[in-house]
1. Hey, with R₀ at 22 Å, roughly what FRET efficiency would Ile59 and Asn280 work out to, going by the Cβ-Cβ distance, to 0.05?
2. Ranked from highest to lowest mean number of other Cβ atoms within 10 Å per residue, what is the order of the peptides 49-56, 210-217?
3. For the range 151-203, just run the numbers: alpha carbon Rg, then divide by 2.2 N^0.38 Å, N being how many residues it has.
4. Does the range 346-414 classify as rounded, prolate or oblate by the C-alpha gyration tensor (a ≥ b ≥ c root eigenvalues; a/c under 1.5 gives rounded; else a/b over b/c gives prolate, otherwise oblate)?
5. Considering every pair of different Cα atoms, what Kirkwood radius, in Å, is found for the range 320-449?
6. Only helices at least 20 Å long along their own axis, judged from Cα atoms, and with Kyte-Doolittle mean hydropathy of 0.0 or greater: name those in the chain from DSSP H.
7. Which order do the peptides 129-142, 146-159, 405-418 come out in when sorted by mean C-beta neighbours inside 10 angstrom, highest first?
8. Does the range 1-105 classify as rounded, prolate or oblate by the C-alpha gyration tensor (a ≥ b ≥ c root eigenvalues; a/c under 1.5 gives rounded; else a/b over b/c gives prolate, otherwise oblate)?
Amino acid sequence: MKNISAYIPYYKRNLKVAIPIVLTQLGGGLVQLADNIMVGHLGAVDLAAVAFANSIFVIGFVFAMGVTMGITPLVGQAFVQKNHTRVASLLHNGMLFCLLMGIALTLILGSCYFFIDAMGQEPRVATLSKPYYLALVGSLLPFMLFCVCKQFLEGLGNTKVAMLITITANVLNIVLNYLFIFGKFGFPQLGAFGAGVATLIARLLMPVMFFAVILRHEEWSRYFKSFSWHTLSKSGVVTVAKVGIPIGGHMLLECSAWALLAIIVGWLGAVPLAANQIANNVANISFMMVVGVSAATTIRVSHQLGVRDFAALRMAAQASVHLCLFLNALMAVLMIVFRYQIPWIFTTDKEVIEITAQLLVLAGLFQLSDGMQSVGAGILRGLTDVKKPVLYAFVTYICINIPLGYILAFPCGIGVAGVWVAFIISLTLAAVLYHRRCAFKIKQLEKGN
């Protein structure tokens, strides 16, 4: 076991990469919160319409983000090897792949529009959700182009540009929300649809801002300016797709598990559902920090793999594990200690507060498992080992988590707490599987070196 002081340089490097990603994630959560607060002032029906539209859109949205993430480890390895021709090829073919995926996902999600009235919602909710949903669908392709640029620069080791652009776009989104939702300063009053218009405008500007920054940077712009139709190839697109699609599938499975179990909680009644939503919101703050550490781990591991420095690779990966355990343990303590105070931020209903307090204890325990599985997945992505994790995710998130959550909630009579216990068990198993796979792959690479 290495002395903790040996890890200090690795903590610093990992945090330097992770902090901008964490701030980017928190900014996205802030916009979602602002959306809910502003639309909530219009009434329960408007808020329900926005929530319903997002529940459909988020599945495609999460998958879209995931498929772009395959670019980062591939570019990272090529960049540290100073193979600039391959870096440019990965960028060009990655953009083509994501353009094709974006068009396909836009068409698939767009087709769902015609079935909204048949999804069992109240007529008013369905009617209000339609224009908002179309605005979200229209924002998918430009957001994917932004993600391509983001993942490309992260492969080069830069996470600050994406953070600054995201923060700028988020501030713009919130301002436009206010103007379009309520019709202020001469803008049309569009209600819930105004939130969708604000999101669409912000996401249209995000790739434009990224291209503007990149083209002004001599080192980065050369990869764009070297574009040629000859660099596009089926094999180049397949290379990116082989890494990106499994990552997208992995994220889709995780998102689907949360969505399906939220439906199960809804069968328990409005009070457990409200408590579950509050606990989810609190846990999501911690998860955003872990996502930053996980993404930084992917970058750092891919760079060490590119130069074949396996000792440094192990240290970088282990440093992320330490950071994750520290952050999640801190969040766990805060959730448990303040389990009765936190719910008051969201509600004054005593029954909801009591159930939420119980869930926050479980959410605290849940943090360690969730953090470890997230970092484990980040290490494997850095190694471009992405197929086995999809299988692990399917077994743990879907085959174990969902049935176990139902059994604990209903036949065992534990209720909403049973759903969270199921998540603790399934994510702990996922963490064990991911880290066993990490150890196996690193040993395999060392033997083949």
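1. For Ile59 and Asn280, the calculated efficiency is 0.85.
2. 49-56, 210-217
3. Output field value: 1.44.
4. Here the range 346-414 falls in the oblate category.
5. Kirkwood hydrodynamic radius for the range 320-449: 16.2 Å.
6. 8-40, 44-68, 84-112, 123-155, 160-182, 192-215, 234-266, 270-306, 310-337, 350-382, 416-448
7. Listed from highest to lowest mean packing, they are 146-159, 129-142, 405-418.
8. In terms of gyration-tensor shape, oblate.
The values are calculated or read from the model by the stated rules, or taken from the named source; none is laboratory data. As the structure is a computational prediction, the values presented were derived from the model and not from experiment. Cβ coordinates were reconstructed from backbone atoms using ideal geometry, including for glycine residues, and neighbour counts include every protein chain displayed. The protein model used for the area step is the full one, side chains on, heavy atoms only, and it has no ligands, DNA or RNA in it. Shrake-Rupley method; radii C 1.70, N 1.55, O 1.52, S 1.80 Å.
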